[in-house]
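Notes to accompany the following structure.
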Amino acid sequence: MIDDGKQDAVPELILEPEAAEILHMSQRKLRQLRAGKRIGFVKIGRKAMFTPEQLCDFIEKHTEGTIAPRNARSPRERRRS
């Protein structure tokens, strides 16, 4: 049994099928990313698992651009001015 003080230190682990679903990709693609060391993972025995932080890091690394505020004009609109 885990001490109450240490329980918070143990990260939640997400199995590969669920991680693939979260990332909207096939399990095969996720295994390819893992093999190429393009996504962090935890391996216990033969199972590959992911922490929520590892999935978030992957998403952040692959996010392009920024989200503009609703009242911001697009670059095309700025050029017309």
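Results, tabulated for the structure shown:
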{"read-out": "Residue count, the range 50-80 (criterion: at pLDDT below 60 and either outside any loop (DSSP other than H, G, I, E, B) or within 10 Å of the chain's Cα centre (by Cα) (or both))", "value": "6"}
{"read-out": "Selection count where residues are surrounded by fewer than 13 Cβ atoms within 10 Å (Cβ to Cβ), aliphatic (A, V, I, L, M) and part of a helix (DSSP H, G or I), scope the range 24-49", "value": "1"}
{"read-out": "Where a residue in the range 54-66 is under 16 Å from Phe41 (Cα atoms) and its partner, wherever it lies, is of a type in the set (Phe, Trp, Tyr) and surrounded by 10 or more Cβ atoms within 10 Å (Cβ to Cβ), with Cβ under 9 Å and at least six apart", "value": "Gln54/Phe41; Phe58/Phe50"}
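The values are calculated or read from the model by the stated rules, or taken from the named source; none is laboratory data. In this text the structure is predicted, and so the values were computed from the model without any measurement. Using ideal geometry, Cβ is built from the backbone for each residue, glycine included, and neighbour counts are taken over all protein chains shown.
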